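To start, the structure under review is shown below, and the notes come after it.
The values are calculated or read from the model by the stated rules, or taken from the named source; none is laboratory data. These numbers were taken from a predicted model, which means no experiment stands behind them. With ideal geometry, Cβ positions are generated from the backbone for all residues, glycine too; neighbour counts draw on all protein chains shown.
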């Protein structure tokens, strides 16, 4: 996460939504760079996102969408993720170990 999670509610106040940004590595070799990604998390996932700290590594499961934004007369496509699952790296590792078949 690159900044604190922002919590919002739907107009009727019924559903909580968390908005936060992450960065991920893109490209290969000398062309590798960090790319920002806006993430939305609804309901229980918003509660999880609210507990995250800036600079904390997370593993996200969800789907990507592209939004077209007009900026300075140019149209720009910006990716956004809707998170269906948010895991800290420690939690994800523990869950993966629990799912491994046990030796007999």
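Within the range 28-46, how many residues turn out to be more than 13 Å from the chain's Cα centre (by Cα) and either in a helix (DSSP H, G or I) or farther than 24 Å from residue 9 by Cα (or both)?
Residues in the range 28-46 being more than 13 Å from the chain's Cα centre (by Cα) and either in a helix (DSSP H, G or I) or farther than 24 Å from residue 9 by Cα (or both): 8 in total.
With the requirement that a residue be without any contact (Cβ under 8 Å) to a residue 40 or more places away in the chain and either farther than 16 Å from residue 8 by Cβ or loosely packed, with under 15 Cβ neighbours inside 10 Å (or both), what does the range 47-58 give you?
Within the range 47-58, 47, 51, 57 qualify.
Consider residue 102 carefully, then state whether it is more than 13 Å from residue 22 (Cβ to Cβ), surrounded by fewer than 13 Cβ atoms within 10 Å (Cβ to Cβ), out of contact with any strand residue (DSSP E or B) (no Cβ under 7 Å at 6 or more places or on another chain) and at pLDDT 90 or above.
no
Would you confirm whether or not the range 67-77 contains a residue that is surrounded by 12 or more Cβ atoms within 10 Å (Cβ to Cβ) and either modelled with pLDDT of 85 or more or closer than 18 Å to residue 23 by Cα (or both)?
Step one: list which residues in the range 67-77 are surrounded by 12 or more Cβ atoms within 10 Å (Cβ to Cβ), which gives none.
Taking every residue of the range 67-77 in turn, none turns out to be surrounded by 12 or more Cβ atoms within 10 Å (Cβ to Cβ) and either modelled with pLDDT of 85 or more or closer than 18 Å to residue 23 by Cα (or both).
Mind checking whether some residue in the range 47-56 is at pLDDT 90 or above, assigned to a helix (DSSP H, G or I) and within 11 Å of residue 83 (Cα to Cα)?
yes
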